[in-house]
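Below is one structure; the comments refer to it alone.
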Amino acid sequence: MLLGIAAAVPPPGARAWNTSRIDDPITAEDPKLVERVVERDQLAFAEVYRRHGDAAFGLARRVLVDRALAEEVVQEVFVRFWNRPDRFDAERGSLRSFLLASVHGRSVDLLRAETARRGREARDARRFEVALDDIERHVLDLTQAEAVRTALAELDPREREAIELAYFGGHSYRDVAELLETPEGTVKSRIRAGLHRLRASLIDAGYHQS
């Protein structure tokens, strides 16, 4: 089939095996084959795999979808069976049921682990994107702040002073008028004219957002 388990060498990680003493493994019942596998019988194990390998792979493929993962699960289950055939209890069910239950359990475990891994990767990716957005926004804020400072520096000093007091100093128009000893109407006109020129400068610099 898809694996080298039934070849003439033990599967990876398995113990060595003996030459078969079953006259005809093909006709032997599963419990008898298991007895011979317990005694490290190569041909008995090969016959177990021949009988149940396809069903095991089919089940793993249905659960996992991915062929490579399904092959990995079947390989692992049959290696485990070779190393610990005594775990099979004929009184609790057939050998096929035992093997398929092992395949299903391992497939579900692997599927959960794979899903958890992908979930972690997705969360890490989202966190990275958020961090990247924060960095980009910070850089943009700094750039815009520099553009504002540059645009302010180009204003008429009286307009700049009024805007700085009103918008950066947090003062009301009346407060600004008192601080500058200038009529409130004049202060409003300076601020209005300064903001108009400031907006035009930022548009030219490419930082205006509609």
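The values are calculated or read from the model by the stated rules, or taken from the named source; none is laboratory data. Quick caveat, the model's predicted, so the values are computed rather than measured. Ideal geometry is used to build each Cβ from the backbone, glycine not excepted, and the neighbour counts take in all protein chains shown.
Here are the numbers for this structure:
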quantity: Qualifying positions in region 54-64 - of a type outside the set (D, E, K, R) and over 12 Å from L110 (Cα atoms); calculated: A55, A56, F57, G58, L59
quantity: Single residue of region 176-206 satisfying the filter (among the small types (G, A, S) and in contact with a helix residue (DSSP H, G or I) (Cβ under 7 Å, 6 or more places away or on another chain)) that is farthest from L152 (Cα to Cα); calculated: A177
quantity: Residue match in region 98-119 (condition: within 30 Å of E29 (Cβ to Cβ), surrounded by fewer than 17 Cβ atoms within 10 Å (Cβ to Cβ) and touching a His at 6+ places or on another chain (Cβ under 9 Å)); calculated: no
quantity: Criterion: over 27 Å from L33 (Cβ atoms) and modelled with pLDDT of 90 or more - qualifying residue of R106, R61, R67, R96; calculated: R67
quantity: Region 30-50 residues that are over 12 Å from W82 (Cβ atoms), paired with ones that are hydroxyl-bearing (S, T, Y) and at pLDDT 90 or above (beta carbon under 8 Å, 6 or more apart); calculated: D30/S94
quantity: Any chance V139 is part of a helix (DSSP H, G or I), at pLDDT below 85 and closer than 18 Å to L202 by Cα; calculated: yes
